[in-house]
Amino acid sequence: MLVNPPVEALGVGKCYTIYQRPADRLKQAVIPRLRRALGLAPRAYYHPFWALTDVSLQVERGQCLGVLGRNGSGKSTLLQILAGTLSPTTGQVRASGRVTAILELGAGFNPMFTGRENLQLTASIMGLSRRELEQRYEDIVAFADIGDFMEQPVWTYSSGMYVRLAFAVSACVEPEVFIVDEALAVGDVRFQAKCFRRLDDLLAKGCAVILVTHDPEQVTRHCTRALVLDGGEALMQGAPREAVNRYLDLMLGAEPEEPDVSPTSAPAASVCEALELRAGYNPEEYRWGNGQAEVLDVCLSSGSTGHSVNLEAGRPLRVEVWVRHHQAQPRPIYGLQIKTPDGVMVYADNSRDFSGGPLMRPAAAGEVVRAVFEMEQRLAQGDYLVSVGVSAEEQGEAVPLDRRYDALHLKIMGTRPRTYGLVDLSMQVRLEDYDTPPDDDD
Ligand SMILES: Nc1ncnc2c1ncn2[C@@H]1O[C@H](COP(=O)(O)OP(=O)(O)OP(=O)(O)O)[C@@H](O)[C@H]1O
Ligand SMILES: [Mg+2]
């Protein structure tokens, strides 16, 4: 027997009416009626704005759909429609069973009521009997773990506390459909981990989950499918890893990569373009130097494909740097640095000091040199910034010619559950029997 999925949407669209001036809202309320009454042609004082167009989806029992997209792409609009708090302009939504939703902050609780009163209210709206609530009360309070704040009005809560209570209530009422809009982003790391354990429990019990997040890692780890929205349209729906790559391409400005159809094809010959046009280029880079040379372009790859700023953990990293020398340099040095976004240096080396060096080759005026850095790559999954530069050695000192700090964003994609820290040292673990030594007295 075919069972309907717990939640599905068919051709859903949402059109908002935008008024340029507050007065237009009043005009729209009054004038069209007058014009109709007078037999004049209709006139509108608003612009229609489609926040969502023609989105269809299904989420089966035990499946988690991740929704990714840039700010304003329509994620919250879609989730509100699925949760039933917003009506669609076109299409239909069907959700069966108990639907709980943690929508964007501010929705849900009455700020004047205490946490406990809100809990009771929400539980009764969810259809929980007094007895059922009594049975689960301790569980919910323990999960939220906000102590005496349960007896305080919700307006006194921090955003983290608010989400703790909202998640605890929503997850503990055993929903058939659970909708979460970015709520987990405000919780601390330990609470997030606890929420994801609870989400996994709900999925195992057959709940259908829809999760909006800006964290690609959460999608690859917890979702069975993912949807990428852009400008209100479904750009793609598919396997989490593919969706994450498409989302990162959107964020980093790359065109989708053409699949490499020929298995024997050699590594794509990279060509010098303009660094400013590369995917992952950081317009906030910090650039300085005396201008005697110029870093034209930087290409990141794992050796087998063209420029890519999304690299799988453990794949070797190849960085090509094109430098034009405007002036002859007897001893130029080409260097590279990798940092975390908050500025912690992870690695730095250059053509003079590397283990196989020094590699000193004079450059003529007008010459373009390509420095190729190839390295093993043991970075832990996460975001990094790559800096490159060229200097000239003068009396043992390195004089900066062109340094481009934090010029490219590099994303290391995890292939296994999270590692902690900045490097993945691929730890192996073994447990051995240990014979307790006999007591001295024996
Ligand atoms: N009530 C409204 N009236 C008019 N426009 C709206 C309204 N609510 C949302 N929008 C517009 O609809 C578009 C989609 O908004 P939505 O909140 O769904 O985006 P989002 O993907 O959730 O963004 P974010 O990542 O910032 O949360 C935006 O351009 C937004 O300005
Ligand atoms: Mg939103």
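The values are calculated or read from the model by the stated rules, or taken from the named source; none is laboratory data. Remember, predicted model here, so these are calculated numbers, not experimental data. Methodologically, a virtual Cβ is constructed for each residue, glycine included, from the backbone with ideal geometry; neighbour enumeration extends over all protein chains shown.
Key figures for this structure:
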{"item": "Per-region count, region 199-223, residues in a helix (DSSP H, G or I), at pLDDT 85 or above and either among the aliphatic types (A, V, I, L, M) or surrounded by 17 or more Cβ atoms within 10 Å (Cβ to Cβ) (or both)", "result": "6"}
{"item": "Hits in region 383-397 - residues which are among the small types (Gly, Ala, Ser) and modelled with pLDDT under 85", "result": "Gly396"}
{"item": "Any chance Val228 is within 16 Å of ligand 2 (Cβ to nearest atom) and modelled with pLDDT under 80", "result": "no"}
{"item": "Candidate set from region 64-88 (those that are more than 6 Å from ligand 1 (Cβ to nearest atom) and part of a loop (DSSP other than H, G, I, E, B)); member that is surrounded by the fewest Cβ atoms within 10 Å (Cβ to Cβ)", "result": "Ser87"}
{"item": "Any hit, region 150-158, residues being at pLDDT 90 or above, farther than 20 Å from Val99 by Cα, part of a helix (DSSP H, G or I) and acidic (Asp, Glu)", "result": "yes"}
{"item": "Count - residues of region 351-375 that are in contact (Cβ under 8 Å) with a residue 24 or more places away in the chain and in contact with a Leu (Cβ under 8 Å, 6 or more places away or on another chain)", "result": "5"}
{"item": "Pair list, Cβ < 7 Å and 6+ apart or interchain, from region 55-70 residues that are on the phi < 0 side of the Ramachandran plot to residues that are surrounded by fewer than 20 Cβ atoms within 10 Å (Cβ to Cβ) and of a type in the set (S, T, N, Q)", "result": "Leu57/Gln237; Gln63/Thr224; Cys64/Thr224"}
{"item": "Of all residues in region 199-243 being away from ligand 1 (no atom under 16 Å from the Cβ) and of a type in the set (Val, Ile, Thr), the one that is farthest from Ser308 (Cα to Cα)", "result": "Val209"}
{"item": "In region 325-352, the residues that are crowded, with 18+ Cβ neighbours inside 10 Å and more than 29 Å from Glu217 (Cα to Cα)", "result": "His325, Gln329, Pro332, Ile333, Tyr334, Gly335, Asn350, Ser351"}
{"item": "Hits in region 227-245 - residues which are of a type outside the set (A, V, I, L, M, F, W, C) and surrounded by 20 or more Cβ atoms within 10 Å (Cβ to Cβ)", "result": "Gly232, Pro240, Asn245"}
{"item": "Some residue of region 23-35 being part of a loop (DSSP other than H, G, I, E, B) and buried (at least 16 other Cβ atoms within 10 Å of the Cβ)", "result": "no"}
{"item": "Tally, over region 89-106, of residues that are within 16 Å of ligand 2 (Cβ to nearest atom) and part of a strand (DSSP E or B)", "result": "2"}
{"item": "Pairs where the first residue, in region 71-90, is over 11 Å from Val212 (Cα atoms) and the second is modelled with pLDDT of 90 or more and polar (S, T, N, Q), C-beta under 7 Å, 6+ apart", "result": "Leu86/Thr77; Leu86/Gln80"}
{"item": "Region 10-53, residues that are within 27 Å of the chain's Cα centre (by Cα) and within 14 Å of ligand 1 (Cβ to nearest atom)", "result": "Val12, Gly13, Lys14, Cys15, Tyr16, Phe49, Trp50, Ala51, Leu52, Thr53"}
{"item": "Residue that is modelled with the highest pLDDT [pool: residues in region 232-262 that are closer than 20 Å to Leu277 by Cβ and in a loop (DSSP other than H, G, I, E, B)]", "result": "Gly253"}
{"item": "Residues located in region 147-198, provided they are within 16 Å of ligand 1 (Cβ to nearest atom), farther than 30 Å from Asn4 by Cβ, crowded, with 18+ Cβ neighbours inside 10 Å and not aliphatic (A, V, I, L, M)", "result": "none"}
{"item": "Exclusive hit being among the acidic types (Asp, Glu), closer than 27 Å to Leu121 by Cα, in contact (Cβ under 8 Å) with a residue 12 or more places away in the chain and in the same structural domain as Gln135 (by TED's automatic domain parsing), set Glu182, Glu233, Glu217", "result": "Glu182"}
{"item": "Qualifying residue in region 155-164 (condition: out of contact with any strand residue (DSSP E or B) (no Cβ under 7 Å at 6 or more places or on another chain), polar (S, T, N, Q) and within 16 Å of ligand 2 (Cβ to nearest atom))", "result": "yes"}
{"item": "Selection within region 119-140 - surrounded by 15 or more Cβ atoms within 10 Å (Cβ to Cβ) and touching a helix residue (DSSP H, G or I) at 6+ places or on another chain (Cβ under 6 Å)", "result": "Leu119, Thr122, Ala123, Leu133, Arg136, Ile140"}
{"item": "Pair list, Cβ < 6 Å and 6+ apart or interchain, from region 13-29 residues that are under 23 Å from Leu86 (Cα atoms) and assigned by TED's automatic domain parsing to the domain that holds Gly72 to residues that are assigned to a helix (DSSP H, G or I) and within 16 Å of ligand 2 (Cβ to nearest atom)", "result": "Lys14/Thr77"}
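Condition check ((1) out of contact with any Cys (no Cβ under 6 Å at 6 or more places or on another chain); (2) farther than 25 Å from Asp200 by Cα; (3) of a type in the set (Lys, Arg)) across all residues:
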| position | (1), (2), (3) |
| --- | --- |
| Glu60 | yes, no, no |
| Leu65 | yes, no, no |
| Ser73 | yes, yes, no |
| Leu82 | yes, no, no |
| Pro88 | yes, yes, no |
| Arg98 | yes, no, yes |
| Met112 | yes, yes, no |
| Ile125 | yes, no, no |
| Leu128 | yes, no, no |
